[in-house]
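Visitor: Below you'll find the structure I mean.
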Amino acid sequence: GAGVSQSPSNKVTEKGKDVELRCDPISGHTALYWYRQSLGQGLEFLIYFQGNSAPDKSGLPSDRFSAERTGGSVSTLTIQRTQQEDSAVYLCASSLVQGGGYTFGSGTRLTVV
Amino acid sequence: KQEVTQIPAALSVPEGENLVLNCSFTDSAIYNLQWFRQDPGKGLTSLLLIQSSQREQTSGRLNASLDKSSGRSTLYIAASQPGDSATYLCAVRLGPGVSNAGGTSYGKLTFGQGTILTVHP
C-alpha cells in the first residue's frame, strides 16, 4: 500500500479482555516495528521483525504481550488480560531495509477501562 | 544504554522566525538519525534521515545537521509558519554489531522526548 495502515484507529476495552492490533506495512518493506506511546511519555520500543530472522522481543513489557508477522507482511500485536496501564497509542512502522528510514502508521489508541 | 535528549522541551515563537531544535545522544556509534514530526492525535511523519556518514540533510525550509563525534544533531526551521506547530522528535539507530547491556539489536530507534513547537500567527 501507499503507507503503513493500522487498525483499529481507536479501541476501548474492559480490563481483563484480550485485544488484537493490526499493522499492514508498506509493500516490500522487510522490517516492521511496534512502539508504544503513553500519555506524556516518549516512544517505547516493543518488538522488531526483520525478514525471516527471529524477532527482537526485548521491548515487550510482560508476557501478556505478543506479536506475530505472517507471511512477512501483516503483523498482529496481541495484549492478553489488558490492564489500565496498557492504555496508550500503539504505533507500527516499517522500513525497506535495516538501514533505511522508518515510515510510521497513524497508530491505534487503546483505552482500557 | 543509548539516551537521547531534546532541548528545549517546548518552544513558542512568532511566525517568520528562524529556529533551532537540539538533539543529543550518548552513544556515538549510531547508524543513522531521523527527525520526525507528530501532530496531536496522529502518527509520526518522517522529516529528514541522516546517515552516520553524512553531515546534513535539507528539505525545503528544514535543515538537519549531524555531528556524530559530539553526539549532537540540530533541526533548523527557516521562516517558521503556524502550520509548523507540532511535536518534533529526534531518534537514533545504533550501528550494526553494536549491542547494549540488554543485548538488543541495532534495528530499533531510540527516541528523545520531543520538542513541542508552537508558531503564533
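The values are calculated or read from the model by the stated rules, or taken from the named source; none is laboratory data. What you are looking at is a predicted structure, and each value in this text was computed from that prediction instead of being measured. Virtual Cβ from ideal backbone geometry, glycine too; neighbours counted across all protein chains shown. Heavy atoms of the whole protein, side chains included, go into the accessibility calculation; ligands, DNA and RNA do not. Shrake-Rupley method; radii C 1.70, N 1.55, O 1.52, S 1.80 Å.
Visitor: Which residues, taken from the range B:1-28, are touching a Phe, Trp or Tyr at 6+ places or on another chain (Cβ under 6 Å) and open to solvent by 40 Å² or more (accessible area, probe 1.4 Å)?
Guide: The answer is B:Val20, and nothing else.
Visitor: Follow-up. Which residue out of B:Val20, B:Val13 is more than 21 Å from B:Ser70 (Cα to Cα) and more than 11 Å from chain A (Cβ to nearest Cβ)? So that I can check it myself, show each step before the final result.
Guide: Working: B:Val20 fails: more than 21 Å from B:Ser70 (Cα to Cα).
Only one candidate passes the filter, namely B:Val13.
Yes or no, residue by residue, for (1) under 12 Å from the mean Cα position of the chain (by Cα); (2) among the polar types (S, T, N, Q):
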{"site": "B:Pro14", "(1), (2)": "no, no"}
{"site": "B:Ser24", "(1), (2)": "yes, yes"}
{"site": "B:Asp27", "(1), (2)": "no, no"}
{"site": "B:Ser69", "(1), (2)": "no, yes"}
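Visitor: Another question, if that's okay. Since A:Ser94 meets every condition but one in (1) in a strand (DSSP E or B); (2) under 20 Å from B:Leu94 (Cβ atoms); (3) at the interface with chain B (Cβ under 9 Å from one of its Cβ atoms), which condition does it not meet?
Guide: All conditions pass for A:Ser94, except number (3).
Visitor: Moving on. Quick check on this structure: which one of B:Ala101, B:Ala78 is over 22 Å from A:Leu96 (Cβ atoms), among the aliphatic types (A, V, I, L, M) and modelled with pLDDT under 95?
Guide: B:Ala101
Visitor: Among A:Thr103, A:Thr82, A:Thr76, A:Thr108, which is touching a residue at least 24 places away in the same chain (Cβ under 8 Å) and more than 15 Å from A:Gln6 (Cα to Cα)?
Guide: Result: A:Thr82 is the single residue among A:Thr103, A:Thr82, A:Thr76, A:Thr108 that is touching a residue at least 24 places away in the same chain (Cβ under 8 Å) and more than 15 Å from A:Gln6 (Cα to Cα).
Visitor: Moving to a separate point now. Criterion first (within 22 Å of A:Phe49 (Cβ to Cβ), at pLDDT below 90 and not β-branched (Val, Ile, Thr)) does B:Lys108 satisfy it?
Guide: Details: within 22 Å of A:Phe49 (Cβ to Cβ): yes; at pLDDT below 90: yes; not β-branched (Val, Ile, Thr): yes.
For B:Lys108, the condition - within 22 Å of A:Phe49 (Cβ to Cβ), at pLDDT below 90 and not β-branched (Val, Ile, Thr) - is met.
Visitor: Identify the single condition in (1) open to solvent by 20 Å² or more (accessible area, probe 1.4 Å); (2) without any contact (Cβ under 8 Å) to a residue 60 or more places away in the chain; (3) assigned to a strand (DSSP E or B) that A:Val12 does not satisfy, given that it satisfies every other one.
Guide: (2)
Visitor: In addition: Name the single residue that is least open to solvent (accessible area, probe 1.4 Å) among those in the range B:29-74 being at the interface with chain A (Cβ under 9 Å from one of its Cβ atoms) and either in a loop (DSSP other than H, G, I, E, B) or of a type in the set (Ser, Thr, Tyr) (or both).
Guide: It comes out as B:Gly43.
Visitor: Something else: Only residues that are open to solvent by less than 30 Å² (accessible area, probe 1.4 Å) and more than 18 Å from A:Gln41 (Cα to Cα): list them for the range A:94-111, please. Can you show your working first?
Guide: As a first pass, look at the range A:94-111 and keep what is open to solvent by less than 30 Å² (accessible area, probe 1.4 Å): A:94-95, A:99-102, A:104-105, A:107-108, A:110.
Matches in the range A:94-111: A:Ser94, A:Ser95, A:Gly99, A:Gly100, A:Gly101, A:Tyr102, A:Gly105.
Visitor: While we're looking at this one, here's another question. Select from the range A:29-43 the residues that are farther than 18 Å from B:Thr5 by Cα and either facing chain B (nearest Cβ under 8 Å) or under 12 Å from the mean Cα position of the chain (by Cα) (or both) and list them in ascending order.
Guide: A:Ala31, A:Leu32, A:Tyr33, A:Trp34, A:Tyr35, A:Arg36
Visitor: Looking at (1) outside any loop (DSSP other than H, G, I, E, B); (2) surrounded by 18 or more Cβ atoms within 10 Å (Cβ to Cβ); (3) at pLDDT 95 or above, find the lone condition where B:Ile116 falls short.
Guide: (2) is the only condition that B:Ile116 fails.
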